[in-house]
1. Can you pull out the residues in the stretch 275-293 that are of a type in the set (A, V, I, L, M, F, W, C) and within 25 Å of Lys259 (Cβ to Cβ)?
2. For residues in the stretch 427-451 being at pLDDT 85 or above and either in contact with a Pro (Cβ under 6 Å, 6 or more places away or on another chain) or not in a helix (DSSP H, G or I) (or both), which is farthest from Thr398 (Cα to Cα)?
3. Given the condition of a type outside the set (A, V, I, L, M, F, W, C) and within 60 Å of the chain's Cα centre (by Cα), answer yes or no: does some residue in the stretch 334-352 qualify?
4. Gln329 - would you say it is part of a helix (DSSP H, G or I) and without any contact (Cβ under 8 Å) to a residue 60 or more places away in the chain?
5. Here is a list: Phe285, Phe193. Which entry is aromatic (Phe, Trp, Tyr), free of Cβ contacts under 8 Å to residues at least 40 places away in the same chain, surrounded by 10 or more Cβ atoms within 10 Å (Cβ to Cβ) and farther than 30 Å from Leu304 by Cβ?
6. In contact (Cβ under 8 Å) with a residue 12 or more places away in the chain and not assigned by TED's automatic domain parsing to the domain that holds Ile9: which single residue out of Ala145, Ala162, Ala183 fits that description?
7. Could you figure out which of (1) in contact with an Asp or Glu (Cβ under 7 Å, 6 or more places away or on another chain); (2) more than 30 Å from Gln173 (Cα to Cα) isn't true of Gly209?
Amino acid sequence: MQGVYSRVINICENVDWDKMDSEQKDTIYDKLDQLSSNTNMSIYLVQIRVYQGSGDIAELAYVYPSDSERLQQVTKNQLDKYVKSIYFGQKLDDNCKMITQTANYSMYNVYDTRVDSNFLELTGKMPDNYWIYLRSNYQSIQESASVSNQFMLYVGMIVMIAGVFIMYFVSNQYTKPILRLAAHAKNMQKLDFSTRYKDNRDDEIGVLGNSMNALSDRLEKTISELKTANNELQLDLQRRSEQEQMRQEFLANVSHELKTPIALIQGYAEGLQENINDDAESREFYCEVIVDEADKMNKMVKKLLSLNQLEFGNDQVHFEHFDLRSVIQSIVNSSDILFRQKEVTLSYHPDEEPIMVWADEYMIEEVVSNYVSNALNHVKYENKIEIKTIRKGDHVCTSVFNTGDPIPEEDMDKIWSKFYKVDKARTREYGGNGIGLSIVKAVMDAHNQKFGVKNYDNGVEFWFELDVKSVD
């Protein structure tokens, strides 16, 4: 309101109302009308003359507005109160409270009972007894402000709710990828590299996701290499442990097996040296025992070396295509004298057609030879040995059967172990050392083929299988 007062002073400055023509007044009125309209405020310019004694208004002339319609908006009584208050200090009514007062103007808060409304009013002096009277209904302003405040409240709530949703969706654009990255990191912590960050983004989150994918790939590859190296190391340690165990077992068994023949050789050699028996027959017997024990030792050492090479993988399997019949026939022919010495009846009826197999011929000859030798050493009762070859699809099964005592069930799996003997006394009698069947097992394992033993009521049958190829 003070600003409106100042602008009215500026408009009416140096204006002589008595000397102005109608056109000049209209110009002033237009400016005041515009100011009143723009500020929603009633503006009055009044020339007042008062009685000095009583303070009553002697003459009141409205300069602006000058039309009778507008004059109805202002009451002479209200102006009279202000004049008396200003000139004579008369107390205003309770419904009229002064807000501020200066040398040039006074401003009031007025409750107008006539219209039941609150107004802000300002009276200000001008030269030549002219007064400015400004009147504004601030209750409407309050109502407008209240409506405006409610409107702003609603708008603010709508904006806040909209802002919450916008913030939610905008933040999701960043929080969801970050949560996915966090889950990816937790999986990596658990050494689970199956998850991937798949969002295609060009910002910092996308760069971080791609870096974590690269890190995951690198960790997976590194851990895989470490596991492979660790597994190879464990296998190597296991092989070393097995080799050391085999070496110790080999030395223990060799020492045990050589102890008896060495003791016999030493005893009979000392007997010859000391001439315990002077007759030629005794010396010849001593020499035969020494030669026989030395021969057994020689055979055992050769078999041990052969078995050692097979078990340690030094003796490679050389697969070749050969006729199994010729191998069996060769062993039968070379063992013929042994069959006759033990009065063994041999039954072997080879096929008319060649039995072509894929295997290492030298090793298979060792297997057949050990089976035949084992049968000769254990044949009893009817003294029969039977050798058979039976085709089974892509395989041929070769078996060697001898009459005699069955192998005890508890020894069926043990007979393939080195130096294991079911009947130690009988084994010593025929010069066995428990290595032959170990060689069979090593050879068949090297060929990755099946082998085994089966008990019958009247004897035992050993068998093995080989891949066969028919001759066109």
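1. Ile276, Phe285, Cys287, Val289, Ile290, Val291
2. Out of the qualifying residues, it is Asn448.
3. So far as the stretch 334-352 goes, no, none of its residues is of a type outside the set (A, V, I, L, M, F, W, C) and within 60 Å of the chain's Cα centre (by Cα).
4. yes
5. Answer to the check: Phe193.
6. One residue alone meets the criteria, Ala183.
7. (2)
Conditions (1) more than 15 Å from the chain's Cα centre (by Cα); (2) surrounded by fewer than 13 Cβ atoms within 10 Å (Cβ to Cβ); (3) assigned to a helix (DSSP H, G or I), marked per residue:
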residue	(1), (2), (3)
Ile141	yes, no, yes
Asn149	yes, yes, yes
Phe165	yes, yes, yes
Pro177	yes, no, yes
Leu181	no, no, yes
Leu215	no, no, yes
Leu233	yes, yes, yes
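The values are calculated or read from the model by the stated rules, or taken from the named source; none is laboratory data. Worth saying up front: this structure is predicted, and the values here are computed from it rather than measured. So basically every Cβ, Gly included, is an ideal-geometry build from the backbone, and we count neighbours across all protein chains shown.
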